[in-house]
Amino acid sequence: MTKRMPSLLAALALLVGACSGGNSPAAPVVTSSALDTTGFLEYGAGTAPLVIVAPHGGSLKPLNLPDRNCSGCEYLADANTEDLARLVVAAFERRTGKRPFLALNHLHRSKFDGNRDQAEATGGNVILNGVWLGWQTTLDSAAVRAARVAGRALYVELHGHAHAVPRIEIGYLATAAQLRMSDAALTAAGVMRSSSITRLVSDTRSGASDVALLRGAPSLGALLVAAGYPAVPSPSDPAPKEGEDYFNGGYNTVRHGSLGGGMTDAVQLECNYAGVRDTAENRAMFAEALSGALVEYFKKQYAWPSA
Ligand SMILES: [Zn+2]
């Protein structure tokens, strides 16, 4: 599915993707993704209001690029998340007939971090400034193009964690301490109105409350738990306990979600390893479960596809 394309052809593929909305039965469907001119970044235009991104799954370590060396920086990759992202795209397309947008950073995290601001992402290596700009503008573009499909969109970023509790950590930018607040206090504090799904909270088609969207029956966490994958926040695991590790979302979840406005919401999905990312069979099973959960979420919360 992945092949290097001449830049003109790649540009044409992007154009076709941008023009192929959901209303024209004759619209061509882009079924492959392409590398950029550096070979580090991969992008596939889609036809669904969904963006799937893996910023930490890359394995390339070009010898001419120095390792990042910055205070407090993380260098470990998120194993097998590129494969997982491709599987989710394929599974979602099989279920809906519409293809999610796909963006992959193939550089290993020791060289480039696809989920940080420019200084930390590049570790001060100026050679990578253009890569950072290319990556972030690709994500900007995907989020906007996905929203053109149906007026609203969801950006889902796949990561891997090695925390003690094996569960999917769903990041909406709410901190663990905020998640430990009561439902009433959470609503009073307006936590979800300053989240990465701010847009959805203010205009959901199901009428679900802010707390319900976070950890009630209609939440993404509930849908994953129902599919057999423990998740936090969810009705059965509403918040990480004191002392438990939890990732609530990073640079990309802030930038590409609806916190600052716009029509695209975002969630960061931190996946545990065993049973989710470890084997090809488990990745395929999780991709099926996640795509099923996303289809249900789109139907209820975004009224997509429309009847
Ligand atoms: Zn990560």
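The values are calculated or read from the model by the stated rules, or taken from the named source; none is laboratory data. This one's a predicted model, so the numbers in the text were calculated from it and none came from an experiment. Glycine gets a Cβ as well: all are built from the backbone with ideal geometry, and neighbour counts include every protein chain shown. Protein only, heavy atoms only, side chains kept; ligands, DNA and RNA dropped before computing areas. Shrake-Rupley method; radii C 1.70, N 1.55, O 1.52, S 1.80 Å.
Brief remarks follow.
- Both numbers refer to the Cα atoms of segment 155-307; Rg and Dmax are 14.5, 45 Å.
- Cross-link partners of LYS98 among lysines (Cα-Cα below 26 Å; sequence separation of 8 or more within a chain): LYS3, LYS299, LYS300
- In a simple Cβ point-charge model (Lys, Arg +1; Asp, Glu -1; nothing else charged), the chain has a dipole of about 840 debye relative to its Cα centre.
- The dipole here belongs to segment 179-307: it is taken about the Cα centre, uses +1 on the Cβ of Lys and Arg and -1 on the Cβ of Asp and Glu, and is about 380 debye.
- Local electrostatic count, ASN252, Cβ distance below 11 Å [Lys/Arg +1, Asp/Glu -1]: -2
- Spin-label model, LYS241 to VAL126: label points 7 Å out along the Cα-to-beta-carbon direction sit 5.2 nm apart.
- Divide the volume of the convex hull around the Cα atoms of the chain by the residue count and you get 126 Å³ per residue.
- Three-way shape call for segment 199-257 based on the alpha-carbon gyration tensor, with the a/c threshold at 1.5: oblate
- Cα-based convex hull, segment 99-147, per residue volume (Å³, whole number): 71 Å³
- Using a Gaussian network model of the chain in which every pair of alpha carbons under 10 angstrom is joined by a spring, one finds that among GLY130, GLY57, GLY46 the greatest mean-square fluctuation is at GLY130.
- DSSP-defined beta bridges in the chain - what % are antiparallel, rounded to 5: 30 percent
- In the context of the full set of protein chains, the chain has a per residue accessible area of 41 Å² (1.4 Å probe).
- Across the protein chains, with a 1.4 Å probe defining accessible surface, the residues MET192, MET181, MET285 rank MET285, MET181, MET192 from largest area downward.
- Alpha-carbon gyration tensor eigenvalues x 5, square-rooted, for segment 127-197, Å: 29, 19, 12
- Per-residue ellipticity at 222 nm computed for the chain from its helices equals -11000 deg cm²/dmol, with DSSP H segments shorter than 4 residues left out and the rest contributing -39,500 (n - 2.57).
- Within the accessible area of segment 72-128 (1.4 Å probe), percent carbon and sulfur: 52 percent
- log₁₀ of I(q)/I(0) at q = 0.17 Å⁻¹ - segment 58-170, Debye sum with one point per alpha carbon: -0.95
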